[in-house]
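Taking it in order: structure first as structure tokens, then the write-up.
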Amino acid sequence: MKVFIGMETSGVSRRAFEALGHDVISCDLLPAQDKRGGRHIVGDVFAALEQLRADGWWPDLAIFHPDCTYLTVSAAWAFKDPDFERYPGVGYHQKVKPGTLTGAARREARDKAVILVKRIWSLSIKRIAIENPIGALSKRFMKPSQIVQPWQFGDDASKATCLWLRDLPTIKATEKVPGRLVEWPRGSGKMVERWSNQTDSGQNKLTPGDTRWQARSDTFGGIAAAFSTQWTAAVSKEAAVTVAA
């Protein structure tokens, strides 16, 4: 099977499909993080796909991981216009980091991100999966086919991940990793689960930094393994039925 992995630099999904013998190509604006070989194109995914088509290669299945910066529910405050009466001199309840889009500029960036996802969905690829955190796509694109957590697939981590699937089955949980039990809010008597990447309050433990975005966007190995094994089985079953007919 020919598999295209778009907008991913970690190489996690690519290696998962390569391990099963598939012909896999990944593509991102950045170089691949992994140094273990594999075919990775540095560039725009749409331009790369057009060149691959011209070369006689077209995917049977494609997985896309669009940048979630302007799609996620994180930093929802930044989509609002500044209120200088309430927050003199800054316009927001917190200091805005240099380079952070706010107000109309951020809303425009979100609109462009949604358009990009719709463009992905319109590609003439039979089987497509789009992955993104919970956010704007549910209302501005369509409701996801399913929402999964890495702790359902053998990883000690929490990150609600939406999947939009075309001609692919939803993936089934493989190995639940229980979280640690903590009382939250403290003094409430309510016990909740938290995983290794979370504080007791449920926030992400990753400290701010230049590579934080990359660490948060990396595909978890358990989910990538489920993609490769379960979708390989589904496509093989479909092919067998077609041949029998």
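Pairs, please: C-beta under 7 Å, at least 6 apart or cross-chain, first residue at pLDDT 95 or above and of a type outside the set (A, V, I, L, M) and in segment 218-234, second crowded, with 23+ Cβ neighbours inside 10 Å and assigned to a helix (DSSP H, G or I)? Between residues of segment 218-234 that are at pLDDT 95 or above and of a type outside the set (A, V, I, L, M) and residues that are crowded, with 23+ Cβ neighbours inside 10 Å and assigned to a helix (DSSP H, G or I), the close pairs are PHE227/SER13; PHE227/ALA16; SER228/ALA16; SER228/PHE17.
Cβ-Cβ contacts under 7 Å between residues 6 or more apart (or on different chains), taken from a first residue in segment 174-190 that is under 24 Å from GLY154 (Cα atoms) to a second residue that is of a type in the set (Phe, Trp, Tyr), are listed as THR174/PHE153; GLU175/PHE153; LYS176/TRP151; VAL177/TRP151; GLY179/TRP151; GLY179/TRP195.
When THR211 is tested against (1) surrounded by 14 or more Cβ atoms within 10 Å (Cβ to Cβ); (2) at pLDDT below 95, exactly one condition is not met: (1). Restricting segment 99-130 to residues that are out of contact with any strand residue (DSSP E or B) (no Cβ under 9 Å at 6 or more places or on another chain) and among the small types (Gly, Ala, Ser) leaves a set whose member that is surrounded by the most Cβ atoms within 10 Å (Cβ to Cβ) is ALA113. Residues that are of a type in the set (A, V, I, L, M, F, W, C) and out of contact with any strand residue (DSSP E or B) (no Cβ under 9 Å at 6 or more places or on another chain) within segment 18-36 comprise ALA19, LEU20, listed in sequence order.
Of all positions in segment 53-62, none carries a residue that is under 25 Å from PRO133 (Cβ atoms), among the aromatic types (Phe, Trp, Tyr) and modelled with pLDDT of 95 or more.
Here's a check for you: in segment 9-41, which residue that is surrounded by 13 or more Cβ atoms within 10 Å (Cβ to Cβ), hydrophobic (A, V, I, L, M, F, W, C) and closer than 17 Å to PRO66 by Cβ is farthest from the chain's Cα centre (by Cα)? So the residue we want is ILE41. In segment 142-160, the qualifying residues are those that are within 21 Å of ALA62 (Cβ to Cβ) and surrounded by fewer than 18 Cβ atoms within 10 Å (Cβ to Cβ), and the one that is nearest to the chain's Cα centre (by Cα) is ILE147. Among the residues here, LEU137 does not qualify as in contact with an Asp or Glu (Cβ under 7 Å, 6 or more places away or on another chain), modelled with pLDDT of 95 or more, among the aliphatic types (A, V, I, L, M) and within 27 Å of GLU50 (Cα to Cα).
Considering segment 48-85, and only residues there that are in contact (Cβ under 8 Å) with a residue 12 or more places away in the chain and assigned to a helix (DSSP H, G or I), the residue that is surrounded by the most Cβ atoms within 10 Å (Cβ to Cβ) turns out to be LEU49.
Evaluate the following for ALA113: is it over 30 Å from PRO169 (Cβ atoms), in contact (Cβ under 8 Å) with a residue 12 or more places away in the chain, out of contact with any helix residue (DSSP H, G or I) (no Cβ under 6 Å at 6 or more places or on another chain) and not in a loop (DSSP other than H, G, I, E, B)? No: the conditions fail for ALA113.
Summed over segment 1-47, residues that are among the small types (Gly, Ala, Ser), without any contact (Cβ under 8 Å) to a residue 40 or more places away in the chain and in a helix (DSSP H, G or I) total 1.
The values are calculated or read from the model by the stated rules, or taken from the named source; none is laboratory data. Just so it is clear, the model here is predicted, and its values are computed rather than measured. Cβ atoms come from the backbone with ideal geometry, glycine included; neighbour counts cover every protein chain shown.
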